[in-house]
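One structure is given here, and the rest of the page talks about it.
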Amino acid sequence: MQYFQQEIETMSKAEKRALQSERLVNIVKYAYENQTPYRAKMDAIKLKPSDIKSIDDIYKLPFTVKQDLRDAYPFGMMARPKSDLVHLHASSATTGKLTVAGYTQKDIDVWAECAARCLVMAGADKNSVVHVSYGYGLFTGGLGMHYAGEKLGAVVVPASAGNTQKQIQLLVDFEADIICCTPSYIIYLAEEIEKMGLKIGKDIKLKGGVFGAEAWSEGMREDIEKRLNIRACDIYGLSEIAGPGVACDCQFKTGMHFQDDHYYPEIVDVDTLEPLGYDKSGELVITTLTKEGMPLIRYRTRDIASLNDDPCPCGRTSVKLNKITGRSDDMLIIRGVNVFPSQIESVLLKNENIQPHYHINVDRVNNLDTMEIVVELSPHIALDEVAHVEEIRKKLSADMASALSVSAKITLVSPGTVARSEGKAKRITDNRKLK
Ligand code: DLL
């Protein structure tokens, strides 16, 4: 069995628990001393860092939510001055304001180590050619897997997202054996590879891949593994905690091994927030045990999943995260990009030619996510003023693409067409079937 850090990955449960306890005690003290929002939260419930004596006390600590990060935008949550940070990453938040995460060099090293463990789980070693098709930028996918490949000593191909024909050319010419991208993109790549008549094993030498940033099913996994003859591993992460590599499947697919020496997972009941045991579905909550730049304590991810502690034949002893089955908020993930309906609404509200009565249709066509925004024209514009309506549509389309970082089809309809609701508006129809 190959490991990146065998001693840690196969450490006994008792040793792990002791390590987690020591780290939790330290991080709570550190957060209290260096992060004003945590000091305020703990003071409010009269909790002192010295009340946290082991990992068993984690339940005493207050939760952190996305709103806390938004309130602290951009640097209020950082535990270190800007001069100590080496990276900023960010993802969308409900109002269009980004949630920002700051990393010190040590944070980047830990992240790279955790993500390198994942590459090894997918079958990589230092002789590998790792092709990274996640986007590079504020999104953590590209750079996270890039650092992981470097940490492993592999050759990294920073292909980034898009330009499929070129990606395939690079896969063939550089003989990549490992690929990192979203599950929907690997299916699209597989289809293009088939269309081009390339031979799996001869022209395309992939052996494995880490696929994440969006939910996917066991059915999709089987399809990917069969089409490309590879090991397809699910990889989980979020920019607030540490991008890709927080958890990942090994070849036995018993659940994603959570890197619980650095990130401590809990599952809580969505309504009562009471901790739930293994194999029970609820909201995933994560505490960073070692982060310096922006530690997060009991961060509510809004992802719905369960944990399992069954032994894994690979010998890794970490707790495992079962597939993410949904979210407890209204965030949509379109081709790997996080989109909140409120971001769409704020673009619509800025345009006087339309009314903010809208409906979002999400689907998956040829394995790629599609999004249509159906929106009503203002009463002073008639649908048969074709040229004018087309001009409005084009402008809206461009504004939307720039605000969301993902394209959407805009369909303009007459006033009164979009169904009104008496209670909570149901604005989204998500037809993607996790087959
Ligand atoms: O998506 C980080 C990442 C990049 C993970 C590449 C894996 C691979 P964010 O943009 O902050 O970060 O989005 C985080 O994406 O809370 C989940 O809802 C969703 N997500 C991430 N990985 C998975 C997965 C990156 N394997 C949000 N399965 C998370 C299901 C996932 N959902």
Residues of region 139-164 satisfying the condition of being of a type outside the set (Gly, Ala, Ser) and open to solvent by 60 Å² or more (accessible area, probe 1.4 Å): 139, 150, 151, 155, 158, 163
Residues (of a type outside the set (Gly, Ala, Ser) and open to solvent by less than 90 Å² (accessible area, probe 1.4 Å)) located in region 27-41: 27, 28, 30, 32, 34, 35, 37, 38, 41
Residues located in region 43-69, provided they are crowded, with 17+ Cβ neighbours inside 10 Å and of a type in the set (D, E, K, R): 66, 68
By residue number, the members of region 123-138 that are within 12 Å of the ligand (Cβ to nearest atom), buried (at least 24 other Cβ atoms within 10 Å of the Cβ) and touching a residue at least 60 places away in the same chain (Cβ under 8 Å) are 134
Filter result for the condition that a residue is surrounded by 14 or more Cβ atoms within 10 Å (Cβ to Cβ), out of contact with any Lys or Arg (no Cβ under 9 Å at 6 or more places or on another chain), at pLDDT 95 or above and under 27 Å from residue 108 (Cβ atoms), over 170, 198: 170
Which members of region 275-306 meet the condition of being of a type outside the set (A, V, I, L, M, F, W, C) and more than 19 Å from the chain's Cα centre (by Cα)? 275, 277, 278, 279, 280, 290, 292, 293
Just give me the residues in region 307-330 being more than 15 Å from the chain's Cα centre (by Cα) and outside any loop (DSSP other than H, G, I, E, B), in sequence order. 307, 308, 320
Tally up the residues in region 216-260 that are surrounded by fewer than 21 Cβ atoms within 10 Å (Cβ to Cβ) and within 13 Å of residue 111 (Cβ to Cβ), please. 0
Count of region 271-283 residues which are touching a residue at least 40 places away in the same chain (Cβ under 8 Å) and either outside the structural domain of residue 242 (by TED's automatic domain parsing) or not in a loop (DSSP other than H, G, I, E, B) (or both): 2
Go through the residues of region 6-21 one by one and say whether even a single one is farther than 16 Å from residue 262 by Cα and either polar (S, T, N, Q) or in a loop (DSSP other than H, G, I, E, B) (or both). no
Would you pick out the residues in region 242-262 that are over 13 Å from residue 316 (Cβ atoms) and within 13 Å of the ligand (Cβ to nearest atom)? 242, 243, 244, 245, 246
Out of (1) more than 12 Å from the ligand (Cβ to nearest atom); (2) more than 20 Å from residue 56 (Cβ to Cβ), the odd one out for residue 295 is which? (2)
State yes or no: is residue 204 in contact with a Pro (Cβ under 8 Å, 6 or more places away or on another chain), over 24 Å from residue 24 (Cα atoms) and not charged (D, E, K, R)? no
Positions within region 188-219 being of a type in the set (A, V, I, L, M, F, W, C) and either more than 16 Å from the ligand (Cβ to nearest atom) or farther than 23 Å from residue 120 by Cβ (or both), in sequence order: 190, 193, 196, 198, 200, 204, 206, 215
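The values are calculated or read from the model by the stated rules, or taken from the named source; none is laboratory data. Here the structure is a predicted model, which is why all the values come from computation and not from measurement. Neighbour counts are summed over all protein chains in view; Cβ atoms, including those assigned to glycine, are modelled from backbone coordinates with ideal geometry. The accessibility values were calculated without ligands, DNA or RNA, using every heavy atom of the protein model including side chains. Shrake-Rupley method; radii C 1.70, N 1.55, O 1.52, S 1.80 Å.
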